[in-house]
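The values are calculated or read from the model by the stated rules, or taken from the named source; none is laboratory data. Every value quoted in this text rests on a predicted model; they were computed, and no experiment measured them. Using ideal geometry, Cβ is built from the backbone for each residue, glycine included, and neighbour counts are taken over all protein chains shown. Note: areas computed on protein heavy atoms with side chains; ligands, DNA, RNA excluded. Shrake-Rupley method; radii C 1.70, N 1.55, O 1.52, S 1.80 Å.
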Amino acid sequence: MIPVRSGIAGSRLHHFSAEAKLLLLSVFGTGLFFVDDWRYMAGALAAVLSLYVVSRISSWRILAQVKPLVWVLVPLFLFQGISESWSLAALVVLRNIALVLLASLVTMTTRSEALIEVLERAFRPLSHLGVDPSKIGLALSLALPLHLRLRPPRFGDP
């Protein structure tokens, strides 16, 4: 179960299956690459933010997800703006923020065991190529807690 300290356990989004959330993430994430206007991308970001509202996740947690990206997104925005156009720069930055926030929302509202189980099932068709889905699941289950312990504290963490 999601730790109670996260402050989000029991939201509406928690009732959806891990499969549905990962499918939504895949479809929405792929769809974002077909958007070529920064204004529509801002609308997509607004849709992602509305999911945070439905999930009762505080704005501090949203900031905590975006704050580490600033070091990458600001230079990316400046480079794209100077070399191509400012509208393309806005499009690229908004797309990255939307993708990261949606992926973070999925991981915040889904048990890690459920996500790993879904990914193991997704890799099963590759077993005839020599890919062992259980080893991938084991690697993910070992890497996830390590990542959570080694990451620096984020703004707004309890």
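Observations, loosely collected:
This table checks each residue for (1) open to solvent by 40 Å² or more (accessible area, probe 1.4 Å); (2) at pLDDT 90 or above; (3) not acidic (Asp, Glu); (4) not in a helix (DSSP H, G or I).
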| position | (1), (2), (3), (4) |
| --- | --- |
| Val72 | yes, yes, yes, no |
| Phe77 | yes, yes, yes, no |
| Ala90 | no, yes, yes, no |
| Ile97 | no, yes, yes, no |
| Leu101 | no, yes, yes, no |
| Leu115 | no, no, yes, no |
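- The range 103-113 - residue that is assigned to a helix (DSSP H, G or I) and farther than 16 Å from Val48 by Cβ and, of those, least open to solvent (accessible area, probe 1.4 Å): Ser112
- One residue stands out in the range 11-36 among those that are part of a loop (DSSP other than H, G, I, E, B) and of a type in the set (Phe, Trp, Tyr): the one that is most open to solvent (accessible area, probe 1.4 Å), namely Phe34.
- Scanning the range 103-117 for residues that are under 16 Å from the mean Cα position of the chain (by Cα) and touching a residue at least 24 places away in the same chain (Cβ under 8 Å) returns Ala103, Ser104, Leu105, Val106, Met108, Thr109, Thr110, Arg111, Ser112, Ala114, Leu115, Ile116.
- Taken over the range 122-145, the criterion of being within 22 Å of Ser26 (Cα to Cα), surrounded by 13 or more Cβ atoms within 10 Å (Cβ to Cβ) and of a type in the set (A, V, I, L, M, F, W, C) is satisfied by Ala122, Phe123, Ile136, Leu140, Leu144.
- Exactly one residue out of Arg39, Arg56 is open to solvent by 70 Å² or more (accessible area, probe 1.4 Å) and on the phi > 0 side of the Ramachandran plot, and it is Arg56.
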